[in-house]
Amino acid sequence: MHDKTLAQLSAGLASGEYSSVELTRHFLDRIQRLDPVYNSFITVMADQALASAASADQQRASGKGVHPLCGVPIAHKDIFCTEGVRTSCASKMLDNFIPPYNATVVDNFLAAGAVVLGKTNMDEFAMGSSNETSWYGPVKNPWDINTVPGGSSGGSAAAIAARLTPASTATDTGGSIRQPAALCGISGLKPTYGRVSRWGMIAFASSLDQGGPLARTAEDLALMMNVMASYDPRDSTCLDLEVPDYTAGLTNSIAGLKIGVPKEYFDEGLNPATAKVVQDALRQLEQLGATLHDISLPHSSLSVPAYYVIAPAEASANLSRFDGVRYGYRCEEPQDLRDLYMRTRAEGFGDEVKRRILVGAYCLSAGYYDAYYNKAQQVRRLIKQDFVSAFEQVDMILGPTCPNPAFEFGSKGDNPVAMYLEDIYTISTNLAGLPGMSIPCGLVDNKPVGLQIIGNYFSEAHMLNVAHQYQMATDWHTRQPADIG
Amino acid sequence: MSWETVIGLEVHVQLATKTKIFSGSSTAFGAAPNTQASAVDLAMPGTLPVANEQAFRYAIMFGLAIDAEIGKTSVFERKNYFYPDLPKGYQTTQLAKPIVGPGHVDIQLKDGSHKRVRIHHAHLEEDAGKSLHEDFHGMSGIDLNRAGTPLIEIVSEPDMRNAEEAVAFAKKLHSIVTSLGICDGNMSQGSMRFDVNISVRKKGDEKLGTRTETKNLNSFKFMEEAIALEVERQIDVIEDGGKILQETRLYNADTKTARSMRSKEEANDYRYFPCPDLLPVVIDDATIEQLRSTLPELPDARHKRFVEQYGLSDYDAGVLGDDATMAHYFEAATKVCGDAKLAANWIMGELSARLNGEDKTIGDSPVSAVQLGQMILRIKDNTISNKMAKEVLQGVWTGEGDPDTVIEKRGLKQVSDSGAIEALVADVLAANSAQVDNYRSADDSKRPKMIGFFVGQIMKASKGQANPQQVNEILLKKLNELI
Amino acid sequence: MTIERADIEKLAELARIRITEENIAATTRSLGNVLQLVDQLQAADTTGIAPMAHPLDAVQRLRPDVVSESDQREAFQAIAPATENGLYLVPKVIE
């Protein structure tokens, strides 16, 4: 059962091939057996999952207006608040935090009748590209447990790659859906900013964060998007736009599709083997009727520097609420108010989170605001304008998701910038608010490579269509790691 | 050496919205601690703000009232600092693009002169919670009910030169916001709080002196006291060869002293930046025009109207017209009794004296405007005398009922039956023949003074209920007959 | 721009994060690395370019002034580190 896609499981439940309880037990059993190796879950919700599976089975038996995902197991990244279930953001700061409310995304899946297996591991507060910053320990990449699964949604991606869940929610601030999807050989979509509600999704950088799905196929992503995308009056930045049926156009032909290939994404920083795999994928799309066009996104090289001002600046304020007063970690025996703050935050946050808070505070502080924060926001506009111009010529922009396949734990050394540069191709879409996807397109040394698809604003359905057509013609998305039980 | 004082005000005005600026929590005053603090107000992880439309409407109304330019695009920013009454660790406020741009407020001083105080801008922001310092085993308690209450912060230019001007300005702002109905004006509950920036300089100097900020004054009286104290302190320091430190000061109204609150050594660096959770707020012309056309009457216009419509003196129009609640009271009482002059006299005289005596404002008056009007009606139709009216007022004040009920209960009806009064006069004259003889033999010029005695006796005999005017008339007639 | 020990101490104070003596050198170094990266921005010509705080040119939607929240103090304070009589407790606040 664990080899099946979300779409197949939905069909299996509909035909009565198996019940949701059976399905849920199967996945819970796999998690129990295999996850001690991968560490992809922070919290497994066995009892709740079985209870909702039972009620999903009842609902299916009654046959009334059953949602396609009713009874289908999924997982939530531990950044989405779940009422009554610990939501840690992989931080010691929130190790004891049990939200009294649900994220809108969580509510949406609840309404669909999906079964939640548990909360997946991630980089602490979604800050990282390797899942090494989790307070609950790193997640292992099922393709090679000596390598990282990517981050920050590494737990979600690894769990899907190891077939511990067919799909998961995730979030992407600078590549946190696409990069782990690429490194774990699965599919992931970061929607347009404002498409998925951020209510109840613990903020890292509010103007960049966007929730989206991880799954094995584009079709499954479409099914997930049908649930995740919604207008939410509680999120001021969420757009009041009609939610299309993302599965409706999957089978459309992509003949005539104009694909832009940015030269900046094939620079000297790109691993040559990865480059070749991506080029092969582009040729495959050409055979499906698409045309390739050289384009330029001239400000691409500034996206990482701009991001490492804007994201830390927003994070430095977003994470001020973690002060040991109303919830979460509080240091022992605070001597006075200052001590309460200084020690709670020093002890509750990990090194990378603290580093970004300090960087953010620096970029906003008196005398540096113009040179850093304001400058970065100007560059951000230039980056967006690059894309706007490009989309006047092409329908979609394709390239590699990351410069390298999965790397080994600890291999990035002491300099945090080495890690930051792993997101060089994904960050600019967050700055511009554009949707981006990663789908598997090959292997290098038996490590998966991701093909990145960047679409125009709110073109997710079309992107899914392109990805689905590619997956109909190839089998990379069906490849799975050896030794996953 | 002659010194000049320079004063600017920052005024926090709590807006009279039903809910908070960024959440649907109630803003009602006096609820049990933290029962009006929602997940958003508590800055629970993942929660997000959505701005309150009414807060914007109120802020725009204020802008229109002070003739200011309205910020068609206003932007919320985050002001970062840690404090337990500030759950997010930043205050959501406006800085570069406030909702209200430069405007002005005109004030009238005691000598009758007028002065214009410029407003630098006014912006929308959220209020903080409260720290309670009662001893919880050496801890403080935090109540976040107030956190997120919408405020406009009105920032004046340093245009005031003494405490009188500052207080007149503060009172005028109070009058404007209560007239607009955008604030309940309840100073003791903190609905309006004043921060006063004060500096002194030698007369004739162009350059401003170093200023201090005295924070959170919540009464006009305290403001006046605090300014006097701070001006004196600054002059003393400078004359002793010292320097004024830029600092925040706290005035203690009980001890009439002030102290430095936070030294600016640990200079705050608030790291303002646009709040990414909130988008720019765009106000269209139609909204502004709609609000302009429905703007309630403002204090200056009302003042003028009171002079013209009711024939009040400039002074009376000021007392009755500057405060919105007072103005409504006056007009409601006048409507009932049809006599603006009498209503004005009673409100500014007897009623105000009683209110002041119990430290009440007109809004808390136990005697409603309608009741006062009814009482005045009874004076006008001769049911009661002015003297009786004071007794009636006393009865209504203490809750004995409406004026007519009190008149009835206390048996205060005036005797206006001329037959009855003639009989009383006759009795008194008969019983006091010696005084009548004196009257008769007295000089014309001395007689008016002697009448008081007879009137007193007659009123006494009537137990105070005879109509004094009729008593006078009949008495004179009778005495004249005797001459 | 180079970052020094004194900057780190000021930032630690602003961000209310204690940095121990043994960590201060490493923190200074790694922040220096990040700032070296972001200094690449200085080369960009941004003359006349308006800063962009939000990815979309959307405007704020306003909420009607209607009470939508009820008292949930008990649930909220069940997860609080220290409360008494409905108040959150913190070490004494001195103004």
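The values are calculated or read from the model by the stated rules, or taken from the named source; none is laboratory data. Please read all numbers here as calculations on a predicted model, not as lab measurements. Ideal geometry is used to build each Cβ from the backbone, glycine not excepted, and the neighbour counts take in all protein chains shown. Heads up: the accessible areas ignore ligands, DNA and RNA and are worked out on the full protein's heavy atoms, side chains in. Shrake-Rupley method; radii C 1.70, N 1.55, O 1.52, S 1.80 Å.
Listed values, structure above:
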item	result
Number of the exception - A:Lys190 against (1) open to solvent by less than 40 Å² (accessible area, probe 1.4 Å); (2) of a type in the set (Lys, Arg); (3) within 14 Å of chain B (Cβ to nearest Cβ)	(3)
Hits in the range B:39-68 (condition: open to solvent by less than 10 Å² (accessible area, probe 1.4 Å), under 32 Å from the mean Cα position of the chain (by Cα) and of a type in the set (Gly, Ala, Ser))	B:Ala51, B:Ala55, B:Ala59, B:Gly63
Residue selected from the range A:332-370 under the condition more than 8 Å from chain C (Cβ to nearest Cβ), over 21 Å from A:Thr87 (Cβ atoms) and among the hydrophobic types (A, V, I, L, M, F, W, C), by the criterion most open to solvent (accessible area, probe 1.4 Å)	A:Ala366
Unique match (being crowded, with 24+ Cβ neighbours inside 10 Å, modelled with pLDDT of 95 or more and closer than 29 Å to B:Lys79 by Cα) among A:Tyr329, A:Tyr373	A:Tyr373
A:Leu319 within 15 Å of C:Ala12 (Cα to Cα), within 14 Å of chain B (Cβ to nearest Cβ) and touching a residue at least 60 places away in the same chain (Cβ under 8 Å)	yes
Condition met for B:Ile198 (touching a strand residue (DSSP E or B) at 6+ places or on another chain (Cβ under 7 Å), within 22 Å of B:Met261 (Cα to Cα) and crowded, with 23+ Cβ neighbours inside 10 Å)	yes
Pick from the range A:384-425, criterion among the β-branched types (Val, Ile, Thr) and over 24 Å from A:Pro440 (Cα atoms), ranking: nearest to the other protein chains (Cβ to nearest Cβ)	A:Val417
Some residue of the range A:59-66 being in contact with a Phe, Trp or Tyr (Cβ under 9 Å, 6 or more places away or on another chain) and either of a type in the set (A, V, I, L, M) or modelled with pLDDT of 95 or more (or both)	no
Residue match in the range A:205-217 (condition: crowded, with 24+ Cβ neighbours inside 10 Å, of a type in the set (A, V, I, L, M, F, W, C) and away from chain B (no Cβ under 14 Å))	yes
Odd one out for B:Gly357 among (1) of a type in the set (Gly, Ala, Ser); (2) over 27 Å from the mean Cα position of the chain (by Cα); (3) in the same structural domain as B:Val336 (by TED's automatic domain parsing)	(2)
Flag if B:Thr17 is among the polar types (S, T, N, Q), farther than 30 Å from A:Gly211 by Cα, away from chain A (no Cβ under 13 Å) and surrounded by fewer than 23 Cβ atoms within 10 Å (Cβ to Cβ)	yes
Residues within the range B:280-294 that are open to solvent by 40 Å² or more (accessible area, probe 1.4 Å), over 23 Å from B:Ala96 (Cβ atoms) and not basic (Lys, Arg), tallied	5
Residue ranges of strands (runs of 3 or more DSSP E) in the range B:69-175 with at least 1 members open to solvent by 10 Å² or more (accessible area, probe 1.4 Å) and over 24 Å from B:Ser26 (Cβ atoms)	B:76-80, B:103-108, B:114-126, B:130-136, B:139-143, B:150-156
Contacts under 6 angstrom Cβ, first residue in the range B:1-29 being assigned to a loop (DSSP other than H, G, I, E, B), partner open to solvent by 40 Å² or more (accessible area, probe 1.4 Å) and of a type in the set (Val, Ile, Thr), 6 or more apart	B:Lys18/C:Val67; B:Gly24/C:Val67
Which numbered condition A:Pro305 misses (of (1) touching a residue at least 12 places away in the same chain (Cβ under 8 Å); (2) more than 8 Å from every other protein chain (Cβ to nearest Cβ))	(2)
Qualifying positions in the range B:377-412 - at negative phi, open to solvent by 30 Å² or more (accessible area, probe 1.4 Å) and in a loop (DSSP other than H, G, I, E, B)	B:Asp381, B:Thr398, B:Glu400, B:Asp402, B:Arg410
Subset of the range A:218-243 [over 15 Å from A:Ala7 (Cβ atoms), open to solvent by 10 Å² or more (accessible area, probe 1.4 Å) and charged (D, E, K, R)]	A:Arg234, A:Asp240, A:Glu242
Some residue of the range C:25-42 being open to solvent by 20 Å² or more (accessible area, probe 1.4 Å), more than 9 Å from chain A (Cβ to nearest Cβ), farther than 17 Å from A:Ile310 by Cα and without any contact (Cβ under 8 Å) to a residue 24 or more places away in the chain	yes
Matching entry among C:Ile3, C:Ile8, C:Ile79, C:Ile19 (being open to solvent by 30 Å² or more (accessible area, probe 1.4 Å), within 9 Å of chain A (Cβ to nearest Cβ) and in contact with a helix residue (DSSP H, G or I) (Cβ under 6 Å, 6 or more places away or on another chain))	C:Ile19
Residue list for the range A:449-467, filter: open to solvent by 20 Å² or more (accessible area, probe 1.4 Å) and in a helix (DSSP H, G or I)	A:Ala461, A:His462
Which listed residue is closer than 16 Å to B:Gly46 by Cβ and among the charged types (D, E, K, R), from A:Asp107, A:Asp123, A:Asp95	A:Asp107
Criterion (out of contact with any strand residue (DSSP E or B) (no Cβ under 7 Å at 6 or more places or on another chain), closer than 21 Å to A:Ser168 by Cβ and aliphatic (A, V, I, L, M)) met by exactly one of A:Leu250, A:Leu214, A:Leu241	A:Leu250
Every residue from the range A:84-126 that is away from chain C (no Cβ under 14 Å), among the acidic types (Asp, Glu) and surrounded by fewer than 24 Cβ atoms within 10 Å (Cβ to Cβ)	A:Asp107
B:Ser175 vs. criteria at pLDDT below 95 and within 27 Å of A:Ala203 (Cβ to Cβ)	no
In the range A:351-384, the residues that are of a type in the set (S, T, N, Q) and without any contact (Cβ under 8 Å) to a residue 12 or more places away in the chain	A:Ser365, A:Asn374, A:Gln378
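Results for (1) within 14 Å of A:Glu460 (Cα to Cα); (2) modelled with pLDDT of 95 or more, shown as yes or no for each residue.
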{"residue": "A:Leu189", "(1), (2)": "yes, yes"}
{"residue": "A:Gly194", "(1), (2)": "yes, yes"}
{"residue": "A:Met228", "(1), (2)": "yes, yes"}
{"residue": "A:Ile254", "(1), (2)": "no, yes"}
{"residue": "A:Asp267", "(1), (2)": "no, no"}
